[in-house]
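All remarks here apply to the structure that follows.
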Amino acid sequence: MFGIGMPELILILAVALIVIGPKKLPDMARSLGRALGEFKKATRELKETIDIEGSVSNIKPGSDDVKKTDSPGPAEPVPLPAPQPPSPAQEKTDDQSGKKASIDPEMDT
């Protein structure tokens, strides 16, 4: 652990006990433990973020192919053709009866 042996660790704790005092030492140790825990959590989250960004960068080159199409953009809507007038061979409605009658009177039998 950082090249610190048991004698050095005992010396550090003894100095901390003298400087901080026996009443505040447990609170300081608790605060130090929480700070180290938060530091480890932040480090883990940073590593996960870097790993995710690395995997996303592997995907990005393939997605550029979609953007490189020669398409100028969305197509303009094409207007519908104008309606054609009915040809003489088509049936027309009779003005008096409202039913369909053919143009050729011989066909009405």
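Pairing residues of the stretch 1-19 that are closer than 17 Å to residue 32 by Cα with residues that are at pLDDT below 90 and not in a helix (DSSP H, G or I), at Cβ distances under 8 Å and at least 6 apart in sequence or on separate chains, gives 12/4.
Residue 76 falls short on exactly one of the conditions (1) part of a helix (DSSP H, G or I); (2) at pLDDT 65 or above, and that condition is (1).
For the stretch 14-32, the set of residues classified as of a type outside the set (A, V, I, L, M) and either in contact with a Ser or Thr (Cβ under 6 Å, 6 or more places away or on another chain) or surrounded by 10 or more Cβ atoms within 10 Å (Cβ to Cβ) (or both) consists of 21, 24, 26, 27, 30, 31, listed by residue number.
The values are calculated or read from the model by the stated rules, or taken from the named source; none is laboratory data. Just so we're clear, the structure is a prediction, and the values are computed from it rather than from any experiment. Virtual Cβ from ideal backbone geometry, glycine too; neighbours counted across all protein chains shown.
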